[in-house]
Amino acid sequence: MQPTINNGDILFISTLPVLFNRIKDKDIVVAKGYTNKDHVVCKWVYLDRDQQNTNLVWLEGDNKQNSFDSRNYGFVHKDFI
């Protein structure tokens, strides 16, 4: 997530937006890793207003050239967040 979040930064994480289905476009979320569920990743949320399934979100990292994200694996179910 560099340059937005850097090594050594302290993050305060709230689970309330996920619990109450209040994830918004451009939120930063922590999600389970797509290929390794023991890892966590930090990504931006991009919501498609025309999307039919509201349980799916598009996740992208800051570094577009070097980020493994929804551009590689598609939409992510909110259960992974």
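What pairs can you find where one residue is in segment 40-69 and among the aromatic types (Phe, Trp, Tyr), the other is open to solvent by less than 70 Å² (accessible area, probe 1.4 Å) and in a helix (DSSP H, G or I), and their Cβ atoms are less than 9 Å apart, with a gap of 6+ or different chains?
Close Cβ pairs satisfying both conditions: TYR46/SER70; TRP58/SER70.
Taking strands (runs of 3 or more DSSP E) that do not extend beyond segment 1-60, which have at least 3 residues that are at pLDDT below 85 and closer than 13 Å to ASP79 by Cα?
Strands (runs of 3 or more DSSP E) meeting the threshold: none at all.
The values are calculated or read from the model by the stated rules, or taken from the named source; none is laboratory data. The structure presented is a predicted model; accordingly, all values stated were derived computationally and were not measured. So basically every Cβ, Gly included, is an ideal-geometry build from the backbone, and we count neighbours across all protein chains shown. Surface areas here come from the heavy atoms of the whole protein model, side chains and all, with no ligands, DNA or RNA. Shrake-Rupley method; radii C 1.70, N 1.55, O 1.52, S 1.80 Å.
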